[in-house]
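**Q** Right, I'll just put the structure down here and ask away after.
The values are calculated or read from the model by the stated rules, or taken from the named source; none is laboratory data. What you are looking at is a predicted structure, and each value in this text was computed from that prediction instead of being measured. Backbone-built Cβ (ideal geometry, glycine too); neighbour counts: all protein chains shown. Keep in mind that these areas ignore ligands, DNA and RNA; they rest on the heavy atoms of the full protein, side chains included. Shrake-Rupley method; radii C 1.70, N 1.55, O 1.52, S 1.80 Å.
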Amino acid sequence: MWDTLWLEVNLATMTSGGPPFGEILDGAVGIEGGRLAFVGPCDRLPGEPGGLAKEVREGRGCWMTPGLIDCHTHLVYGGNRAGEFEKRLRGVSYEEIARAGGGILSTVKATRTADEAELLMSAEERLADLRSEGVTTVEIKSGYGLNLETELKMLRVARRLSERAEVTVKTTLLGAHALPPEFFGRPDAYIDLICDEMIPAAADLNLADAVDAFCENIGFSVQQVERVFQAAGNRNLPVKLHAEQLSDQGGAALAARYGALSADHLEYVSEAGVRAMAEAGTLAVLLPGAFHMLQEKQKPPVALFRRHGVPIALSTDCNPGSSPVTSLLLMLNMACVLFGLTVEEALAGVTREAARALGMDRSHGTLEVGKVADLVLWEIEGPADLAYRLGASPCREVARNGLTVLRRG
Ligand code: DI6
Ligand code: FE
């Protein structure tokens, strides 16, 4: 006996190689022990529904997708930067604000002074927004501490969120996000601190699932990031990189050389960088919220990613500076309208490919027998509605590990 059987649901399984969206109309889904035990058309069920499962649920023609995965966020932070947003609207650039000690560093101040309970509470509110739209897995980076104590504090809060909020959390140490004031003029000494103390401590305490860095002229150089990647490798931590967001630094090629899970942003990536990513199997994570908020003009080269076969994932980049976004559905729309993705590419970008970007594609990201039963029920006419309707909230029910964690309307 299965625990639960869903009947009369249209499935966007998001498996590749078959029909668009891996679609199965008039489908059924069986769940047992938190895993998918059956995914197929209703008329291929191996028996009478009542005899197959303890609980039978009617989908009434709703659509079901895998639980959404937000694979790049800075969800845990202190303070608020709406004032900077107003400055940018008056023409001051993101880089100018950063160089004047605002930007990331203003959030660092607020995050250092906040205690764990405060950080947890504000992050929980943002996480609630994401969850209300079907997000079941979220990656959360540190990077607003920039000292050992606060980086670990952020990672601990991220781990606690996963216990409290019925969401799967992957944590990433982003010590190399910006140069903290106490290291001004000594960036290499700060890289020493990351390599010698932060990475070993995060690894020993099992607080980080990966290591990230910001490779940019207002961030860190390729040489500095390379040292961080080596230290991560010494502790068997996978790496990823904020690369080519504001300029071409050769970060994507570096990420590829270290077998990175993903290179993220990529507005300024060169064809050589894209080719290197393709060869290494490094994904492109696109972040249209940051592109929009910073009023960027240069788009990531989607046609090159397609031509070279670089898979594309999509994320909110939820952060207080460049992307105060807590709607992954909005990112579907922006990726289609601003970057020219198809709806299918966009939806794959927050399911199958996002799972791959987090190294969890064997267990998550598609509706397939054996995978974890993270799923969302949507009251929509078809998958395109998810990218088409701005501000709609068609999410009706969310299950994580086969258990209902959200039910609406
Ligand atoms: N790129 C981004 O878009 C975020 N971090 C990064 O390296 C922005 C972080 C912030 O402005 O607080
Ligand atoms: Fe980011």
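**Q** Alpha carbon centre of segment 38-115 versus segment 351-371: separation in Å?
**A** 17
**Q** If you don't mind, another one. With a 10 Å cut-off between alpha carbons and a GNM built on the chain, which of Gly359, Gly40, Gly91 moves the most?
**A** Of Gly359, Gly40, Gly91, the Gaussian network model singles out Gly91 as fluctuating most.
**Q** Assuming 0.36 nm per residue, please report the length gained on full extension of the stretch Arg257 to Met121 beyond their Cα-Cα distance.
**A** Fully extending the segment from Arg257 to Met121 adds 45.1 nm.
**Q** What number results when the radius of gyration of segment 63-113, computed over Cα atoms, is divided by 2.2 N^0.38 Å?
**A** Rounded to two decimals, the normalised Rg is 1.57.
**Q** Within segment 64-99, name every residue whose backbone N is under 16 Å away from a label modeled 7 Å from Cα of Asp129 along the Cβ vector.
**A** The answer is 70-86.
**Q** Same structure, new question: Taking loop as defined by DSSP and a crowding limit of 14 other beta carbons within 10 Å, which trypsin sites (Lys or Arg not before Pro) in segment 36-81 fit?
**A** Arg60
**Q** Here is a follow-up. Take every DSSP beta bridge with both residues inside segment 1-136 and express the antiparallel ones as a percent of the total, to the nearest 5. Mind showing how you got there, number by number?
**A** Details: 12 of 20 bridges.
Percent antiparallel among DSSP bridges in segment 1-136 is about 60.
**Q** With a probe of 1.4 Å, find how much accessible area the chain has per residue, and write the answer as a whole number in Å².
**A** Value returned for the chain: 38 Å² of accessible area per residue.
**Q** Next up: Modelled label-to-label distance, Arg307 and Leu89, 7 Å Cα→beta-carbon offset: nm?
**A** 4.0
**Q** For Cα pairs less than 8 Å apart in space and 6+ apart in sequence, what is the mean separation divided by the residue count of the chain, i.e. the relative contact order in percent? Don't skip to the end; give the middle numbers.
**A** Details: 957 pairs, mean separation 76.8, N = 409.
Computed over the chain, the figure is 19 percent.
**Q** What is the Rg over Rh value, at two decimals, for segment 282-409, using alpha-carbon atoms and the Kirkwood definition of Rh?
**A** Taking Rg over the Kirkwood Rh, I get 0.97.
**Q** Quote the FRET efficiency, to the nearest 0.05, computed for Gln298 versus Glu182 with a Förster distance R0 of 35 Å and r equal to the Cβ-Cβ distance.
**A** E(calc), rounded to 0.05, equals 0.55.
**Q** Heavy atoms only, probe 1.4 Å: what % of the accessible area of the chain goes to carbon and sulfur, would you let me know?
**A** C and S atoms contribute 49 percent here.
**Q** Report the net charge of residues surrounding Leu329, where surrounding means a beta-carbon distance below 12 angstrom and charges are Lys +1, Arg +1, Asp -1, Glu -1.
**A** Local net charge: -3.
**Q** Then there's this: Restricting the count to DSSP beta bridges whose residues both fall in segment 68-357, what percent are antiparallel, rounded to a multiple of 5?
**A** The answer is about 5 percent antiparallel.
**Q** Compactness ratio of segment 68-357: Cα Rg over 2.2 N^0.38 Å, N = residue count?
**A** Working: Rg = 17.2 Å, N = 290, 2.2 N^0.38 = 19.0 Å.
Dividing the Cα radius of gyration by 2.2 N^0.38 Å gives 0.90.
**Q** Now, a different point. Could you compute the net charge surrounding Ser16? Neighbours are other residues with a C-beta less than 15 Å from the C-beta of Ser16; K and R count +1, D and E count -1. Could the numbers behind the result be given before it?
**A** On the way: positive: Arg306, Arg352, Arg356, Arg362, Lys371; negative: Glu23, Glu344, Glu345, Glu353, Asp361, Glu368.
Within the 15 Å Cβ shell, the charges total -1.
**Q** When only alpha-carbon atoms are used, what values of Rg and Dmax, in angstrom, describe segment 264-311?
**A** My reading of the Cα-based Rg and Dmax gives 10.7, 32 Å.
**Q** Could you give the radius of gyration (one decimal) and Dmax (whole number) of the Cα atoms in segment 212-344, in Å?
**A** 14.0, 41
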